[in-house]
Amino acid sequence: MATVSPDGIQSVLYHNEAEAYVEGLIPFQIRDIGTEKWEHQREHVEKLNIQAVVDATNNVEESIKELFLTHEKIPILINELVALDLWKRHVLPLVLKMEFSSQTSFPAYVTMFYESILVGLLEVLLFHGECHEAAGDALHDLLQYCQQKLIWLMGSGDGDQDNWYEIGRENPEINDSPAEEIIRRHKKISFDVAMKCIAIVRYIGEYSKDVSLGVTTRLLNTHDFPAIFATLMDNPPWRVPAKDPGMWYKYDGKSWAQVWQRKLGWGQLPLL
């Protein structure tokens, strides 16, 4: 239930409720995804993410961050993300071969969208240096995950890099079948997640003094993120030419906006 603090800031969770959610987080295996216990945890993480965004947006004490630090649960989030990524790569293709209806496609969409929730929460937490130290060796897995997403974003995925605006926007004229709708939303979620990975990798680089030498080595050498970023800036997927002369569509981390070409910020990573 939402509450309002004396300064007028709305909260999604009471502190005791949020602490119980964080303290109760446990790692799940791929085979557990979609089970009742996993669904309960997914709902809890989604509420924690909303509260973390509310705290960060309103510049107030970030209680969710403190709870994750106190209970040492940041590695659990990364474990959840890696497990879900494996599910999407190995199980989702089998799911997409099934016959869909509007009712049966919703659970698949919710499961896919959970990846965006996890990455968004990690993006908020890793804005703070102390969270990098708390993540520990799990950052190795997170960097490998981010590398895979950014390589896909560069165009080694399914060749949709020139159509991200059309894929991402809500178009009431599109009349997809339930299976086609799942595939389109999967592409949109994958793009949103990859864009959040840019911010996560940037934060890890900024707080390299707070992580182990092994993490820094993976960041600069093993996964070669400087070369990945250079390639992305050379052919940025977060901007697409519009039909109107001199106008472009630019992704701002949440949605696409139409801007003049001179305001694109050539040679810069997006400010997410």
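Working from Cα pairs under 8 Å separated by at least six residues, relative contact order for the stretch 14-118 is 37 percent. Under the convention that each Lys and Arg Cβ holds +1 and each Asp and Glu Cβ holds -1, the size of the dipole of the stretch 1-155 around its Cα centre is about 760 debye. Quotient of the Cα radius of gyration of the stretch 61-156 and 2.2 N^0.38 Å, N being its number of residues: 1.25.
Spin-label pair GLU130-ARG31: with each label point 7 Å from Cα along the Cα-Cβ axis, the two points sit 3.9 nm from one another. The lysines within cross-link reach of LYS47, meaning a Cα-to-Cα straight distance under 23 Å and a gap of 8 or more places when in the same chain, are LYS37, LYS65, LYS73, LYS88, LYS188, LYS196, LYS254.
Laboratory data are not the source of any read-out in this text; all were calculated from the coordinates shown. Everything quoted here is computed from the prediction, not taken from an experiment. As a convention, Cβ positions derive from the backbone with ideal geometry for all residues, glycine included, and neighbour counts pool all protein chains shown.
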